[in-house]
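The values are calculated or read from the model by the stated rules, or taken from the named source; none is laboratory data. Owing to the predicted nature of the structure, the values given are computational and were not obtained by experimental measurement. Here the Cβ positions follow ideal geometry from the backbone for every residue, glycine too, while neighbour counts run over all protein chains shown.
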Amino acid sequence: MIFLSDKFLNWLEEFTPHLIAAAVIFLLGILLDKLVLKVMHKGLSMRRTDVTIHKFLTSVVHTVLLIIIIVMALSALQVPMSSIVATIGAAGLAIGLALQNSLSNVAGGFIILFSKPFKCGDYVKIGDSEGTVDAISILYTTLKTLENKMIFIPNGVVSQSTITNITADDKRRLELKFSISYNDDHNKAMAILREMLNDEPRVINEPDKPLVAVCEHGASAIILIMRVWIPTDAYWEIRYKFLKEAKERFDANGISIPFDQLDVHISK
């Protein structure tokens, strides 16, 4: 027992410097990682690098640095480099087979980064999910919904999905339909809508001028359509404003918005 105790103490005495060295390397590595990311953040910000690329590169560099720090710490513990390389190779193969989806997410992240279907701050629809792009990391694209919920979508799924970038352009076409009674003057109603458009300074006359027209003879009403280009960032504000003003102006001018109705003719 005394022999084993002495042997353990001798081993501990010899191993302690390596353990301390590994701990120092790991701690210094973590500090260096934070410093590199800070300098990287500052440099990319000064160069006004796109936020999407900024966040993605930061995520990749952070992951690579952690792997390097762990390898150096193991080397300080006198783990043979050949063993480390062999272990990493075997682990990489096993992890690669087990985490094929994760590797596809990494590849999907690079596809998103270089193809640029969207960037941070864009409002997009990806499959059945939609929201503002908050971040693109090495594995996930994060969307923030209008209800302030966070949606994490694997990059592999994103790269294979149909993506609708709603805010890709600085202008967007608004289309609204209004129902009026067959007994009302449709020309007067269209004039009211044109007047409403003229009173809105944010209306854009390119690529098409605003359109107001009769688009359908419905079962219970004449359907008027209004199409107009407006700034993307003011889309919802102007949409709600037009819906409210149209109702108020129609009421003020005796234009009614009818309920669905059905005429029944009884023959004797």
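Structure data summary
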item	result
Scan of the range 206-225 for residues that are over 30 Å from the mean Cα position of the chain (by Cα) and outside any strand (DSSP E or B), ordered by number	LYS209, PRO210, GLY218, ALA219, SER220, ALA221
Single unsatisfied condition, ILE204 versus (1) in contact with a Cys (Cβ under 9 Å, 6 or more places away or on another chain); (2) closer than 24 Å to ASP122 by Cα; (3) not aromatic (Phe, Trp, Tyr)	(1)
Any hit, the range 230-241, residues being more than 28 Å from VAL124 (Cβ to Cβ) and basic (Lys, Arg)	no
Contacts under 8 angstrom Cβ, first residue in the range 203-230 being in the same structural domain as LYS188 (by TED's automatic domain parsing), partner in a strand (DSSP E or B) and hydroxyl-bearing (Ser, Thr, Tyr), 6 or more apart	GLY218/SER179; SER220/SER179; ALA221/SER179; ILE222/SER179; ILE223/SER179; LEU224/SER179
Test result for MET196, surrounded by 14 or more Cβ atoms within 10 Å (Cβ to Cβ), touching an Asp or Glu at 6+ places or on another chain (Cβ under 7 Å), in the same structural domain as GLY218 (by TED's automatic domain parsing) and at pLDDT 90 or above	yes
Residue within the range 162-174 that is in a strand (DSSP E or B), among the β-branched types (Val, Ile, Thr) and touching a helix residue (DSSP H, G or I) at 6+ places or on another chain (Cβ under 6 Å) present	no
Lone qualifier among GLY89, GLY131 - being modelled with pLDDT of 80 or more and of a type outside the set (A, V, I, L, M)	GLY131
Residue in the range 158-175 that is buried (at least 16 other Cβ atoms within 10 Å of the Cβ) and farther than 20 Å from TYR123 by Cβ present	no
Looking only at the range 179-199, and only at residues there that are assigned to a helix (DSSP H, G or I) and hydrophobic (A, V, I, L, M, F, W, C), the one that is farthest from PHE259 (Cα to Cα)	LEU197
Pairs where the first residue, in the range 245-268, is outside any helix (DSSP H, G or I) and the second is of a type in the set (S, T, N, Q) and modelled with pLDDT of 70 or more, C-beta under 7 Å, 6+ apart	SER256/SER181; ILE257/SER179; PRO258/SER179; PRO258/SER181; PRO258/SER220; ASP260/SER220; GLN261/SER220
Yes/no for THR141 being part of a loop (DSSP other than H, G, I, E, B), surrounded by 16 or more Cβ atoms within 10 Å (Cβ to Cβ) and among the hydroxyl-bearing types (Ser, Thr, Tyr)	no
Some residue of the range 235-251 being under 36 Å from the mean Cα position of the chain (by Cα), closer than 30 Å to THR141 by Cα and either aromatic (Phe, Trp, Tyr) or assigned by TED's automatic domain parsing to the domain that holds ILE138 (or both)	yes
Residue within the range 226-243 that is among the β-branched types (Val, Ile, Thr) and in a loop (DSSP other than H, G, I, E, B) present	no
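Yes/no matrix, rows are residues, columns are (1) within 13 Å of ARG173 (Cα to Cα); (2) surrounded by 15 or more Cβ atoms within 10 Å (Cβ to Cβ):
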site: ALA213; (1), (2): no, no
site: ALA219; (1), (2): no, no
site: ILE222; (1), (2): no, yes
site: TRP229; (1), (2): yes, yes
